[in-house]
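Written out below as structure tokens is the structure these notes cover.
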Amino acid sequence: MKKIEGAKMASSIFIGRWTPKILFSLKERSHRHGELRRHVGSISQRMLTRTLRNLESTGLIARHVTRSKAVAVEYSLTQLGTTIITPLRGMCRWAKRYHKRMTADVHLPEGYEVQ
């Protein structure tokens with residue numbers, strides 16, 4: 001069996017631009033699909049579904065299905081998922097602190113800015 005480097009594993013988890021927003025949204029409480037979409041912002045339903053499936057496959061979030069009159073699906077952080085919040089917050093602080101140095105050579109797509 002091949003071993004995967006930590007950097008490769010981390011990049012496969014955080015490759016999407018929506019992953020941090022979704023994880024931070026789930027940090028406080030579980031959300032239904034529609035709630036997450038409103039909370040995260042201008043994400044398409046397809047991209048949200050794709051990102052949620054990826055996060056579920058990595059074990060960072062769990063999908064809970066409740067069957068009553070209507071089927072309700074909620075997403076929440078797993079115990080493993082809660083452990084990623086602190087390093088992710090650190091990465092965000094680092095990016096915010098040094099973004100001016102980085103953006104001198106990085107061309108952001110039109111309509112994007114560093115917050």
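The values are calculated or read from the model by the stated rules, or taken from the named source; none is laboratory data. Every value quoted in this text rests on a predicted model; they were computed, and no experiment measured them. As a convention, Cβ positions derive from the backbone with ideal geometry for all residues, glycine included, and neighbour counts pool all protein chains shown. The accessibility values were calculated without ligands, DNA or RNA, using every heavy atom of the protein model including side chains. Shrake-Rupley method; radii C 1.70, N 1.55, O 1.52, S 1.80 Å.
Structural remarks
- Selection count where residues are open to solvent by 60 Å² or more (accessible area, probe 1.4 Å) and part of a loop (DSSP other than H, G, I, E, B), scope the stretch 13-33: 3
- Those residues of the stretch 34-72 which are open to solvent by 50 Å² or more (accessible area, probe 1.4 Å) and outside any helix (DSSP H, G or I), in sequence order: Ser42, Ser44, Arg63, His64, Val65, Thr66, Arg67, Ser68, Lys69, Ala70, Val71
- Residues satisfying the stated conditions in the stretch 73-85, i.e. part of a helix (DSSP H, G or I) and either of a type in the set (S, T, N, Q) or open to solvent by 90 Å² or more (accessible area, probe 1.4 Å) (or both): Gln79, Leu80, Thr82, Thr83
- Failed condition for His99, given (1) closer than 21 Å to Lys27 by Cα; (2) touching a residue at least 12 places away in the same chain (Cβ under 8 Å); (3) open to solvent by 30 Å² or more (accessible area, probe 1.4 Å): (1)
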